[in-house]
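Everything on this sheet refers to the single structure shown next.
The values are calculated or read from the model by the stated rules, or taken from the named source; none is laboratory data. Because the structure is predicted, anything quoted here is derived from the model rather than measured. Neighbour counts run over all protein chains shown; Cβ positions are idealised from the backbone, glycine included. These area figures cover heavy atoms from the full protein model, side chains too; ligands, DNA and RNA do not enter into them. Shrake-Rupley method; radii C 1.70, N 1.55, O 1.52, S 1.80 Å.
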Amino acid sequence: MKTYLVTGGAGFIGSNFVLYMLKKHKDIKIVNVDKLTYAGNLENLKEIEGDERHVFVQADICDREAISKLFAEYDFDYVINFAAESHVDRSIKNPEIFVDTNVGGTVNMLQCAKNAWAEGEGFKAGKKYLQVSTDEVYGSLGDDGFFMETTPLCPHSPYSASKASADMFVMAFHDTYGFPVNITRCSNNYGPYQFPEKLIPLIINNAKQKKALPVYGDGMNVRDWLYVEDHCKAIDMVAENGRDGEVYNVGGHNERPNIFIVKKIIESLAGKYDKTIDESLIKYVEDRKGHDRRYGIDPQKIKDELGWYPETPFEKGIELTIDWYLANTEWMERVTSGAYQNYYADMYKGK
Ligand code: NAD
Ligand code: DAU
């Protein structure tokens, strides 16, 4: 039986990963460590309540004592580090917490794993640390070309700078100590349980309430969207078969300008929810500072080496996502009450 230490497993991608893994693999154990920040939500894990293969621990990845204690208690085969501050707009307002969690937390996780897995001059066999990173570390593309694993890191936002820095520590541990690692760098995810500060759930939620739909700048910034389950599958495959010390880009060649995404959601909701939802709700607002223009992933390496491919086409994934939010109104109401209202008022004031 393989034992996983998953961090950030109550957040959007982390919870989807935990659910995916427990469905896919019968004989595994997952210890799920999450601080439960505004973005972490135990409701995301309701489906696996009572499943003895899953143990939830509320802890901060920066907490040396708490994380070392877990390594003393369990013989982990894999560490999958999802935990992070993940929202670019928040990083522009308050960068410090991004350094603490994304850089400091990653180094703490690396140190704890390195100490626990040490054996002789090297490390116990079969162990791996997988850092869940992002295509944003590469910076921004012009009209042509794609991010490859060899593309130099050129982050622009405080968020992407913190993720790039974490990636460099991961590689430094590999190069200095021979510590077993992989890094995955995925494009924009969408799907169930995404917190409505991010474009897709925010637009769905606002449109349902006939609130303005804020589109930054000219709406022509391009993101490369991947259904979250396809990302989870990639992480599982890299953990299992990724070559030691390698980076794998993950993306499905699904580039869309933001305004296309917004119009698509309007069209879908008008068809299946409320026919009075229309494009008059769109409001072009002040652009994000330092807004990266275009992301686009070249996923050839993970396809060639590991046989990964995306299974959910965008047209299907976006409908599955909209249907999930329509069916989970209580989830949305709970996560948008309280602190979210203050966040939204502050973030979009004057916009
Ligand atoms: P999220 O914000 O939805 O979830 C982050 C989770 O981490 C939350 O459950 C939160 O409580 C937890 N967390 C935050 N700080 C913590 C700390 N100090 N200790 C323990 N737990 C902590 O983020 P997400 O969108 O699910 O992203 C997960 C990971 O995937 C991040 O590392 C992110 O950089 C990366 N990523 C995200 C995307 C995307 O499109 N969302 C794409 C590529 C990579
Ligand atoms: O590319 C991977 C990254 O994708 C991840 O590393 C990040 O954790 C994740 O948050 C996401 O970053 P983005 O900044 O691309 O995602 P976001 O949903 O915030 O924005 C998507 C695009 O939509 C971006 O060009 C900004 C724009 N946008 C966003 C919001 C919230 C708007 O036009 N209006 C909005 O209100």
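In table form, for the structure just shown:
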| quantity | calculated |
| --- | --- |
| Unique residue being of a type outside the set (Val, Ile, Thr), away from ligand 2 (no atom under 16 Å from the Cβ) and either modelled with pLDDT of 95 or more or open to solvent by 30 Å² or more (accessible area, probe 1.4 Å) (or both) when the list is Asp89, Asp75 | Asp75 |
| Flag if Ile302 is open to solvent by less than 30 Å² (accessible area, probe 1.4 Å), within 16 Å of ligand 1 (Cβ to nearest atom) and touching a helix residue (DSSP H, G or I) at 6+ places or on another chain (Cβ under 9 Å) | yes |
| Candidate set from segment 207-252 (those that are more than 20 Å from Lys283 (Cβ to Cβ) and polar (S, T, N, Q)); member that is most open to solvent (accessible area, probe 1.4 Å) | Asn241 |
| Count of residues meeting criterion [open to solvent by 30 Å² or more (accessible area, probe 1.4 Å) and not small (Gly, Ala, Ser)] in segment 308-342 | 18 |
| Single residue of Gly120, Gly126 found to be of a type in the set (Gly, Ala, Ser), in contact (Cβ under 8 Å) with a residue 24 or more places away in the chain, over 14 Å from Arg294 (Cα atoms) and more than 16 Å from ligand 2 (Cβ to nearest atom) | Gly126 |
| When residues of segment 248-271 are limited to those that are without any contact (Cβ under 8 Å) to a residue 12 or more places away in the chain and of a type in the set (A, V, I, L, M, F, W, C), the one farthest from Met220 (Cα to Cα) | Ala270 |
| Candidates Ser268, Ser280, filtered to the one that is open to solvent by 40 Å² or more (accessible area, probe 1.4 Å), of a type in the set (S, T, N, Q), part of a helix (DSSP H, G or I) and over 27 Å from Leu42 (Cα atoms) | Ser280 |
| Any hit, segment 56-66, residues being among the charged types (D, E, K, R), open to solvent by 40 Å² or more (accessible area, probe 1.4 Å), out of contact with any His (no Cβ under 6 Å at 6 or more places or on another chain) and away from ligand 1 (no atom under 15 Å from the Cβ) | no |
| Residues of segment 147-182 classified as within 16 Å of ligand 2 (Cβ to nearest atom) and touching a strand residue (DSSP E or B) at 6+ places or on another chain (Cβ under 6 Å), total | 5 |
| Filtered residue count, segment 245-264, keeping only those that are touching a helix residue (DSSP H, G or I) at 6+ places or on another chain (Cβ under 6 Å) and part of a strand (DSSP E or B) | 2 |
| Cβ pairs under 7 Å, 6+ apart, first in segment 272-296 and closer than 25 Å to Glu255 by Cβ, second more than 16 Å from ligand 2 (Cβ to nearest atom) and in a strand (DSSP E or B) | none |
